[in-house]
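Colleague: Sharing a structure below in structure tokens format, with a few things to ask.
The values are calculated or read from the model by the stated rules, or taken from the named source; none is laboratory data. Fair warning: this is a prediction, and the values are worked out from it, not measured in the lab. Cβ: placed from backbone, ideal geometry, glycine included. Neighbour counts: every protein chain shown.
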Amino acid sequence: MTDRQLRQRVLSWYDEHKDDWPWNLTDDPYAIWLSETILQQTRIATGLLYYQKFLDRFPTLASLAAATVDDVLAEWQGLGYYSRARRLHAAAQVMMEQHAGKVPDTLDALRALPGVGPYTASAVGAFAYGIASTAIDGNIHRVLSRYFYVQVDLAKAKERKAMQDLADEIISSDRPGDWNRALMKIGSTICTPKTPRCHHCPLASRCQAYLQQDVMKYPLPKKKVKLRERWFHYLYAMDHQGRVYIQQRGAGDIWEGMYELPLIEATDSEYTPTSLEDWELSHLGRSEAYRPRLSGRDTRVLSHQRLYISYYELTCDEDLRPAMAADVDIDYEQAFKLHSTESGVRAVSSTHLADKPFPVSLRRYIDLQQEQ
Ligand code: SF4
């Protein structure tokens, strides 16, 4: 079988098995770039929800670029990997300023955008502009490792480039988008990690690992990442006027720019906070009279970290008057400034609490508290 015949066989198979996900049915480069960003490390069902939500809220590149980072983070809430949302927003602004408000149509220009790596550049290039470049995601990597019978570590630039060159040798230049989708679909439904169904595979007649009967050794198993363990203790403190204290996370750590409750990060699992002083919040009032009560626990596994989260609650009555919270009837923006403390902790009403982007664990906990 020639390369040409192989391409025909794979594309015919794809024509019979293709999915009608909305991002497969559009040729709008903005919608395609958005879908590729949202779908990274995301299940299809979740991706569908967020894709539609984002297109409803930001129907054009210009509307996304004009939004604030907080607006974008608020829409992204629950999807995780929040740095992706920040880079999505930054890339939209770059495209408005440097590409006349359009998603660029070359691989080099795509790769130069914030948050766009080799995979996304190839995917957007192939799906939106018909560029013959293979978008090597996990599924395609597995399929091609077996097909070419090669072990490649995609984390190493040289090896990734070698795989890209090999992959681009067999891509269909007539239908590169469909070719990519076909390989992804083969990887997700036939050439699966543990139970590949080679006898159903349109690549079988030329697949080297199959012909050598050595499929399961390919590709190399992923190296296990050692997770860094962290212990977070959050305080849900509500003052006598029903406002809750929050702070914004800084740069250089997870959840950059998102909001959270006052936090103590402990160095081990043994630590338990007992008073407002532990959160360095004694300026909020006579803390000796109040003991925060443990009211929830959660564990979150991020790509490189495992977070053990404990939530404490404290409702302050009339006796506990935060020093800076005397004037309650001023507007929100004013209140936000006036109620900031040196530590960055601010008092906000429940209405404004709902507007702010929080990591998903905090959002769930806060919503539960607010419902009570
Ligand atoms: S023949 Fe088997 S191992 Fe080769 S690509 Fe198809 S499913 Fe994967």
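Colleague: Working only within the stretch 143-167, note down all residues that are on the phi < 0 side of the Ramachandran plot and within 16 Å of the ligand (Cβ to nearest atom). Explain how you work it out, then say what you get.
Modeller: The first filter runs over the stretch 143-167 and keeps only residues on the phi < 0 side of the Ramachandran plot, leaving 143-148, 150-167.
If the condition is that a residue be on the phi < 0 side of the Ramachandran plot and within 16 Å of the ligand (Cβ to nearest atom), then 143, 144, 145, 146, 147, 148, 150, 151, 152, 163, 166, 167 are the ones that fit.
Colleague: Which one of these is under 28 Å from residue 124 (Cα atoms) and assigned by TED's automatic domain parsing to the domain that holds residue 301: 254, 170, 246, 186?
Modeller: Values: 170 fails: assigned by TED's automatic domain parsing to the domain that holds residue 301; 246 fails: under 28 Å from residue 124 (Cα atoms); 186 fails: assigned by TED's automatic domain parsing to the domain that holds residue 301.
The conditions single out 254.
Colleague: State whether one or more residues within the stretch 248-263 are part of a loop (DSSP other than H, G, I, E, B), within 16 Å of the ligand (Cβ to nearest atom) and hydrophobic (A, V, I, L, M, F, W, C).
Modeller: There is no residue in the stretch 248-263 that is part of a loop (DSSP other than H, G, I, E, B), within 16 Å of the ligand (Cβ to nearest atom) and hydrophobic (A, V, I, L, M, F, W, C).
Residues checked against (1) buried (at least 18 other Cβ atoms within 10 Å of the Cβ); (2) of a type in the set (Gly, Ala, Ser); (3) modelled with pLDDT under 95:
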site	(1), (2), (3)
26	no, no, no
53	no, no, no
61	yes, no, no
75	yes, no, yes
90	no, yes, no
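Colleague: Regarding the stretch 185-199, can at least one residue be identified that is part of a helix (DSSP H, G or I) and charged (D, E, K, R)?
Modeller: The initial filter retains those residues of the stretch 185-199 that are part of a helix (DSSP H, G or I), namely 185-189, 198-199.
Still in the running and charged (D, E, K, R): 185.
Yes, the stretch 185-199 contains a residue that is part of a helix (DSSP H, G or I) and charged (D, E, K, R).
Colleague: Tell me which residues, restricted to the stretch 228-245, are of a type outside the set (Lys, Arg) and modelled with pLDDT of 90 or more. Spell out the reasoning first.
Modeller: Taking the stretch 228-245 first, the residues of a type outside the set (Lys, Arg) are 229, 231-242, 244-245.
Scanning the stretch 228-245 gives 229, 231, 232, 233, 234, 235, 236.
One line per residue, one yes/no per condition, for (1) surrounded by fewer than 16 Cβ atoms within 10 Å (Cβ to Cβ); (2) part of a helix (DSSP H, G or I):
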residue: 101; (1), (2): yes, no
residue: 120; (1), (2): no, yes
residue: 146; (1), (2): no, yes
residue: 165; (1), (2): yes, yes
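Colleague: Can I ask one more? Which of the residues belonging to the stretch 28-45 are modelled with pLDDT of 95 or more and either surrounded by fewer than 20 Cβ atoms within 10 Å (Cβ to Cβ) or outside the structural domain of residue 177 (by TED's automatic domain parsing) (or both)?
Modeller: 28
Colleague: Can you tell me how many residues within the stretch 207-226 are more than 16 Å from residue 167 (Cβ to Cβ) and either away from the ligand (no atom under 11 Å from the Cβ) or in a helix (DSSP H, G or I) (or both)? It would help to see each step written out before you state the result.
Modeller: The initial filter retains those residues of the stretch 207-226 that are more than 16 Å from residue 167 (Cβ to Cβ), namely 210-217, 220-226.
Subsequent filtering for residues that are either away from the ligand (no atom under 11 Å from the Cβ) or in a helix (DSSP H, G or I) (or both) retains 210-211, 215-217, 220-226.
Residues flagged as more than 16 Å from residue 167 (Cβ to Cβ) and either away from the ligand (no atom under 11 Å from the Cβ) or in a helix (DSSP H, G or I) (or both) within the stretch 207-226 amount to 12.
Colleague: Let me ask something additional. State which residue is nearest to residue 15 (Cα to Cα) when the search covers only the stretch 189-206 and only residues that are more than 6 Å from the ligand (Cβ to nearest atom) and surrounded by 16 or more Cβ atoms within 10 Å (Cβ to Cβ).
Modeller: Going through the qualifying residues, I end up with 202.
Colleague: I would also like to ask the following. Step by step: first the residues of the stretch 126-138, then only those that are at pLDDT 95 or above and within 16 Å of the ligand (Cβ to nearest atom), then the one that is surrounded by the fewest Cβ atoms within 10 Å (Cβ to Cβ). Which residue is that? Write out each step before concluding.
Modeller: From the stretch 126-138, those at pLDDT 95 or above are 126-136; that's our starting set.
Add one more test, that the residue is within 16 Å of the ligand (Cβ to nearest atom), and what stays is 134, 136.
Values: 134: 26, 136: 23.
Top of the filtered list is 136.
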